[in-house]
Amino acid sequence: MTTHSINDVQEKRLEPLQLTEENETPGSSRPTHTRIRVRIPKEYNDEPVISRLVSHHGVTVNIAAALLGANARDDGWFDLELRGTSRQIQSALIYLDEMDLEIWGESDTEKDGW
C-alpha cells in the first residue's frame, strides 16, 4: 500500500500485517479511528468497495468528503474516517492494499486531529 503524508507528501511502503492470534498485540481490540483519502479508479465503479469495508471488515465508515466525475466515468476520491478496533482497521487497510488502490493517510494524528 502506498501512503502519502498530507503534510510532506513523502511516499512510504507499509507491509500488510498477518491478522492471526499469534500476532495479536495488547490494544488490538481497543476502539480507535483513522482518516484516509483513497482514490478508487473508474475500473472499480461497479464494485462495492466502501460497502465491503463495513460488511467484510466490520469498520464504521464516515465519508467526510468525496470527489466524483460526471456520471462516474472518472476516478473517485474519498476522504474516509474509519472507526473500529485496531484489528478491524488493519484488515480494512489490507483489503484496500490488495485492490492496489492509492491511499493517502495522515501521519501525525495528534497534531492534526485525524
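The single condition among (1) touching a Lys or Arg at 6+ places or on another chain (Cβ under 7 Å); (2) open to solvent by less than 50 Å² (accessible area, probe 1.4 Å); (3) not basic (Lys, Arg) that Asp74 does not meet is (2).
Does the range 16-27 contain any residue that is at pLDDT 75 or above, within 18 Å of Glu102 (Cβ to Cβ) and under 13 Å from the mean Cα position of the chain (by Cα)? No, the range 16-27 contains no residue that is at pLDDT 75 or above, within 18 Å of Glu102 (Cβ to Cβ) and under 13 Å from the mean Cα position of the chain (by Cα). Can you tell me which residue in the range 44-63 is farthest from Thr34 (Cα to Cα), limited to those that are free of Cβ contacts under 8 Å to residues at least 24 places away in the same chain and surrounded by 14 or more Cβ atoms within 10 Å (Cβ to Cβ)? Ranking the candidates gives Val54 first.
The values are calculated or read from the model by the stated rules, or taken from the named source; none is laboratory data. Only a predicted model underlies this, so the values are computations on that prediction, with no experimental measurement involved. Neighbour counts run over all protein chains shown; Cβ positions are idealised from the backbone, glycine included. These area figures cover heavy atoms from the full protein model, side chains too; ligands, DNA and RNA do not enter into them. Shrake-Rupley method; radii C 1.70, N 1.55, O 1.52, S 1.80 Å.
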